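A.B. asks: Just passing along the structure, written as structure tokens.
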Amino acid sequence: MLCQQKRINIDSLIYDDQKMDQRMEKIAQNIRRERQRKEVSLSELAAAANLSVSCVSKAESARSTVSLKTILKIATALELSLIHISEPTRLQL
């Protein structure tokens, strides 16, 4: 009843692994692109974000799903917003 009243599309709330993987891959590509553009090494970024080199490497390669907190730490260390790290078109302006 509540869904009908507010017209919520339940299908849109279902977790979609493929879409999530695609988003994580884009975020990973953007992290790597920005790190390289700013000429920052993995270890320098890890230190600035207070993360391990392994954690930053995983975030850049999308080998595993990283937390939003980790992405936020990396974005902050790169002086980017979450919007910029998650949307490739914004980085290429």
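A.B. asks: Can you confirm whether segment 34-52 contains a residue that is of a type in the set (Ser, Thr, Tyr), surrounded by 14 or more Cβ atoms within 10 Å (Cβ to Cβ) and at pLDDT 85 or above? Can you show your working first?
C.D. replies: Within segment 34-52, the first condition is being of a type in the set (Ser, Thr, Tyr), and the residues that meet it are 41, 43, 52.
If we keep only those that are surrounded by 14 or more Cβ atoms within 10 Å (Cβ to Cβ) as well, we get none.
No: zero hits.
A.B. asks: Whether any residue in segment 10-24 is out of contact with any Phe, Trp or Tyr (no Cβ under 8 Å at 6 or more places or on another chain) and at pLDDT 85 or above is what I want to check.
C.D. replies: Looking for residues that are out of contact with any Phe, Trp or Tyr (no Cβ under 8 Å at 6 or more places or on another chain) and at pLDDT 85 or above, one finds at least one in segment 10-24, hence yes.
A.B. asks: Considering only residues that are among the β-branched types (Val, Ile, Thr) and either in a helix (DSSP H, G or I) or farther than 25 Å from GLN18 by Cβ (or both), which ones fall in segment 28-78? Walk me through how you get there before you give the answer.
C.D. replies: Within segment 28-78, the first condition is being among the β-branched types (Val, Ile, Thr), and the residues that meet it are 31, 40, 53, 56, 65-66, 70-71, 74, 76.
Matches in segment 28-78: ILE31, VAL40, VAL53, VAL56, THR70, ILE71, ILE74, THR76.
A.B. asks: If you don't mind, another one. Mind listing just one residue for me: the one in segment 74-93 that is surrounded by 15 or more Cβ atoms within 10 Å (Cβ to Cβ), more than 10 Å from the chain's Cα centre (by Cα) and of a type outside the set (S, T, N, Q) and, of those, modelled with the lowest pLDDT? Outline the logic, then answer.
C.D. replies: Taking segment 74-93 as the starting set, the residues that turn out to be surrounded by 15 or more Cβ atoms within 10 Å (Cβ to Cβ) are 74-78, 80, 84-86, 91.
Add one more test, that the residue is more than 10 Å from the chain's Cα centre (by Cα), and what stays is 76-78, 80, 91.
Okay, now just the ones that are also of a type outside the set (S, T, N, Q), so 77-78, 80, 91.
Working: ALA77: 96, LEU78: 95, LEU80: 91, LEU91: 47.
Checking each candidate, the answer is LEU91.
The values are calculated or read from the model by the stated rules, or taken from the named source; none is laboratory data. Source: prediction; values computed, not measured. Every residue, glycine among them, receives a Cβ derived from its backbone with ideal geometry; neighbour counts consider all protein chains shown.
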